[in-house]
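A short reminder: the numbers here are calculations on the coordinates, not readings from a lab. These numbers come from a predicted model, not from an experiment. Ideal geometry is used to build each Cβ from the backbone, glycine not excepted, and the neighbour counts take in all protein chains shown.
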Amino acid sequence: MIDATPQQKYQVRFDWGQGGFQTLADSADVVIIADALPSLATGGLREATDVASATADATPIRVIAATLANRRAVAEWVLTRQTEKGGRFSVAIIAAGDTRADGSFQPSVEDLLAAGAVIDALTDLGIDHCSPDAAAASAAFVGLKQALKHLVSASQSGQALLAAGRADDVTAATALDSSDVVDEIRTVLLPS
C-alpha cells in the first residue's frame, strides 16, 4: 500500500484540487491555493474558494490565494510567518484546477505554472526543502517561464476569457510579480 502522506516530511508540498487540499492541509501551517486566472462567471478566483471550502469543522488553518502576479509577495509573506514562528513553517501549495462539464476535476496548466511560480519564489528566499511534487511544479514554471504569457492565454480558461472579451484580465494575470497583495481566502476548519 502506498503511503497517503509521503510529502509530510518536506517543508514545501504540492498537490491538486480538493483532494490535494484534504491530503496536505492538516499538517501545513498555511495552504496556498494557486489560481492563475479569474473566473469567467464572477471575475474572481475560479476554484480557490471551492478548494478551501472542502472541509468542515475543528482545527483552523490559514488559506491564502496565489497568482502569477503576487507569487513573490506570497513567498515573502511565508518567510515573515516563518520568522515569527522561529522555526520551519510548512507550506502546502494546491493548484486549483478546473471542473469539467461532467463535474469531475481537471488539472489546468495555468494553475500548475502559478503553483510552480510560488515554489520558485520560495526557493529564491531560501525556503527550499521541497517535496518531489513541489520540485517538479517549480521546474515546470522555471522551464516554461519564457512562454508564460502564451501558455496562459492559450489554455482553455485563457481562451474562454479571451472569447468573452476579457483580454485585459488575461494580460494582468500573466504580469509576473506585479502585485504586493496577499489575500487570505479564509481560515478553514479541518476535521479533527
Reachable aspartates and glutamates from K149, criterion Cα separation under 18 angstrom, eight or more residues apart if same chain: D35, E110, D111, D120, D168, D169, D177
Descending semi-axes in whole angstrom, ellipsoid equivalent of the stretch 10-190, from the Cα gyration tensor: 24, 19, 14
Trypsin sites (Lys or Arg not before Pro) restricted to the stretch 69-138 and DSSP loop, no more than 15 other C-beta within 10 Å: R88, R100
Residues of type lysines that K9 reaches as a straight line, Cα spacing below 25 Å, ignoring anything fewer than 8 places off in the same chain: K85
Amide H partners (placed H, <5 Å) of I93, local residues excluded: R13, F14, D15, I32
Net lengthening on full extension, R62/A163 (0.36 nm per residue, minus Cα-Cα): 32.9 nm
Among I94, F21, L113 the positive-end extreme of the charge dipole of the stretch 10-190 (Cβ point charges): L113
